[in-house]
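Each remark here refers to the structure printed beneath this line.
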Amino acid sequence: MPQITENNQNFDVVKYFLQLLEEDRDLSSGIAAIRTLLMILEKKQFGTIHILHTTMREAVAAMRNTDLSIAAIVSAGELFCRFITLSLDDKHMEECRQIMLHRGKIFLTKLLNSRQVIAHQAQRFISDGCRILTHSRSRVVLKALITASQNKKSFHVYVTQGGTGNPGEEMVRELEAAGIDCTLILDSATGYVMESVDFVMVGAEAVVESGGIINRIGSYTMGLCAREMKKPFYVLSESFKFSRLYPLNQRDLPDEYKYSRKHLNDVSKVHPLVDYTPPVYITLLFTDLGILTPSAVSDELIKLYM
């Protein structure tokens, strides 16, 4: 883990956040954001809860200004701050800080195990001889597929290139290293391959209130094809990606979610990085809160933010 100076004034939020991601490529930006907020809580002193909230919001804003997808950063930051500040009335500030630190560490420990929980839930849906289509690279989908392979199941995975940067190529290398049969396909071949697969399994950058998802560009197209060809469309996502957004269509997604920071001034000729897949195209969501239908997501969000 990156070292942090004891001098509060010298703590660079963005530098620490990016170092976490650089040192562990399997670390989600949401988990890195929570670790950064926890470090701020541990190293800094706060006179009031209001000052703490302000500091946390400023830290999340700083992490949002990086050139990473902000969906998980925003939702993880909101959930973390909500969880650690519950029921802290009539307590001294230092006592509050120690309680929040304890809660924060519990919250982080639970989330660090979320991929394993989701991978376990997905096992009964992955059978011997099945054919799976996945989009781009997803750490939680990779974990589920490797777990199935370790359970002596034999299956074939079709992986799309995933657009800019071709992250699907990395996914294929990781699957092959785990001894899993896989084929890299063009994003435009989704419709061609769909008729020969048993189901679709994708990750998500965010799960919105409607039960739809924000994910790598091309996920919506995959959802459309899956529904037309009557193929189940499964989403694997950690609960810290549950976001209080309610887009109705692609235009409803804020530009900061769809484009990198350097292109926000003029997005007219820039390719979006993500798209929105409405809940009608999603069969089930596998989360660390359980296996959910899209309509159940709003209920879980209410519980998370109560």
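The values are calculated or read from the model by the stated rules, or taken from the named source; none is laboratory data. Computed from a predicted structure; not experimentally measured. Ideal geometry is used to build each Cβ from the backbone, glycine not excepted, and the neighbour counts take in all protein chains shown. Heavy atoms of the whole protein, side chains included, go into the accessibility calculation; ligands, DNA and RNA do not. Shrake-Rupley method; radii C 1.70, N 1.55, O 1.52, S 1.80 Å.
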For the stretch 191-209, how many residues are more than 20 Å from LEU145 (Cα to Cα) and surrounded by fewer than 18 Cβ atoms within 10 Å (Cβ to Cβ)? 4
Residue selected from the stretch 167-183 under the condition open to solvent by 20 Å² or more (accessible area, probe 1.4 Å) and within 24 Å of SER29 (Cβ to Cβ), by the criterion nearest to the chain's Cα centre (by Cα): PRO167
Enumeration of residues in the stretch 29-46 that are more than 13 Å from PHE80 (Cβ to Cβ) and either β-branched (Val, Ile, Thr) or not in a helix (DSSP H, G or I) (or both): LYS44, GLN45, PHE46
Can you name every residue in the stretch 89-98 that is part of a helix (DSSP H, G or I) and out of contact with any Ser or Thr (no Cβ under 9 Å at 6 or more places or on another chain)? GLU94, GLU95, ARG97, GLN98
Would you confirm whether or not the stretch 273-286 contains a residue that is in contact with a helix residue (DSSP H, G or I) (Cβ under 6 Å, 6 or more places away or on another chain) and among the charged types (D, E, K, R)? yes
Is it fair to say ARG137 is of a type in the set (D, E, K, R) and under 20 Å from LEU292 (Cα atoms)? no
Within the stretch 72-82, does at least one residue satisfy the condition of being in the same structural domain as THR36 (by the TED database), in contact with a Ser or Thr (Cβ under 6 Å, 6 or more places away or on another chain), closer than 24 Å to ILE214 by Cα and part of a loop (DSSP other than H, G, I, E, B)? no
Residues of the stretch 47-65 satisfying the condition of being modelled with pLDDT under 85 and either open to solvent by less than 30 Å² (accessible area, probe 1.4 Å) or assigned to a helix (DSSP H, G or I) (or both): ILE49, HIS50, ILE51, LEU52, HIS53
In the stretch 156-205, how many are modelled with pLDDT under 95 and among the β-branched types (Val, Ile, Thr)? 1
Hey, could you check the stretch 82-94 for residues that are open to solvent by less than 90 Å² (accessible area, probe 1.4 Å) and more than 19 Å from LEU301 (Cα to Cα) and say which is modelled with the lowest pLDDT? LEU88
Can you confirm whether GLY104 is crowded, with 18+ Cβ neighbours inside 10 Å, assigned by the TED database to the domain that holds LYS231 and within 24 Å of SER69 (Cα to Cα)? no
Considering only the stretch 255-263, I want to know if a residue exists there that is basic (Lys, Arg) and under 15 Å from GLY211 (Cβ atoms). no
Suppose we filter THR164, THR134 for residues that are open to solvent by less than 30 Å² (accessible area, probe 1.4 Å) and within 23 Å of SER29 (Cα to Cα); which single one remains? THR134
